[in-house]
Amino acid sequence: MTDKIDKIIEYICLSGTNSTAQEYTNSQTYSPSILTSCESSYNTTNTNPNNNILSEENIYEICQYIQDLLIQEPNIAHIDTPVTICGDIHGQLHDLLNLFSISSGTNNSAFDDQDETNPVTVTTNNSNGTTTTTTTPINSTRTTSIPNFSQSLLNTRYIFLGDFVDRGFYSLETFLLLICLKIRYPDRIILVRGNHETRQITKVYGFYDECIRKYGNCNVWRYCCEVFDYLPLGCSINDGTIFCLHGGLSPDVKNLNEIRCIDRKQEVPHMGAMCDLLWSDPDELVNSWSVSPRGAGYLFGKNEVDEFRYLNNIDLIARAHQLVMEGYKEMFNKGLVTVWSAPNYCYRCGNVASVLTIDNNMNKTYKIFDAVPIKDNRGNSIIPNKKPSMDYFL
Ligand SMILES: [Mn+2]
């Protein structure tokens, strides 16, 4: 199994770092012939042309395997520092690979052959108020190195706060990479469920269509949705003074123990505690639970955050779920932070992204990064035509 997982990780990273991804990154229309070549790219691998590495069978096997792992995790998972908290990814595989190299401080960047006119710049905001900016050195020789995950995950643990899929064009690869890393390094990575990790939402916002486009049927989508039901609803760090979740608070949850009692292994309900944790948003302007414009979850303000922090002995609530143009936003006297990790969201928002690193002394450092630039038809901002050009007479 380990061997197979490593091969899949390698395959996905290569598809994000060299031209094997070209078939579906090329901004050509999705004519049936392109569809065929998309599919054929899934039926071959760089290492063994006879081994269909991202086959439905292999994906089924991984999805079954990780369910056994996730079922052992409580609703509120736990992880120790040093840890890197990551927000929404939304299928932006190339930016996710970049996130790993930036956050772990490994030089083994997946993109160390950046366009010389557009190098990757990382700005670091430390909690003591200082800011440092580093620019990835330009390497003139072309390399297609795979991120050194064993080194990355040795340097820091990771919490991903959900919304792995939808919007971007690499939801399947993004989710598979994350669950493969979870299988390989189970104690060093926590995957928390977001409001997009559901059957209903993925049918509307891209993941379902992506699976149909790449496989011609919805089997791999179904396998992944089974995994969604097992993801934990939150994560605590060290002694529990930092609590992480995707959306926000719920009027039905005063105490963390009420989250621990939820039967989470189900599609996200339309209302109630589990729904709110994945859907709610903080708002400076409300002073009690208010209707959310999203149609699910609540808006909550400083009063709700202060009460929840006091009752549960929490210093910081770290959550994702909302686009922040600056990558992160601290609210309510730094009692809550929104972390957003999808740069140039939807390939057009122009925002930067961030991750929040907590060191062993509970110091906070925000690393801010931009979208991976396009080069030679690589990079996730090359958008395939959203509307397939269909021949109605076929
Ligand atoms: Mn969300």
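Nothing in this text is a laboratory measurement; each read-out follows from the coordinates by a stated rule. Fair warning: this is a prediction, and the values are worked out from it, not measured in the lab. All Cβ positions, glycine included, derive from the backbone under ideal geometry; neighbour counts span all protein chains shown.
Taking the Cα atoms of segment 194-248, what is the range of coordinates along each of the three principal axes, in descending order and whole Å?
The Cα atoms of segment 194-248 stretch 47, 17, 15 Å along the principal axes, largest first.
Can you classify segment 222-308 as rounded, prolate or oblate using the Cα gyration tensor, where a ≥ b ≥ c are the square roots of its eigenvalues, rounded means a/c under 1.5, and otherwise it's prolate if a/b beats b/c and oblate if not? Please list the in-between numbers first.
Numbers: a/c = 2.12, a/b = 1.33, b/c = 1.60.
Judged from the Cα gyration tensor, segment 222-308 comes out oblate (a/c at least 1.5, b/c at or above a/b).
I'd like the GluC sites (Glu not before Pro) in segment 270-344 restricted to DSSP loop residues with at most 10 other Cβ atoms within 10 Å, sorted by number. Mind showing how you got there, number by number?
Details: sites: 284, 304, 307, 326, 330; in loops: 284, 326.
Loop-located and lightly packed - 284.
Going through the cross-link list 182/367; 4/367; 182/203; 4/364, which pairs have a Cα-Cα distance over 28 Å in this structure? Present the calculation step by step, with values, prior to reporting the outcome.
Working: 182/367 23 Å; 4/367 32 Å; 182/203 25 Å; 4/364 36 Å.
Distance filter (> 28 Å) returns 4/367; 4/364.
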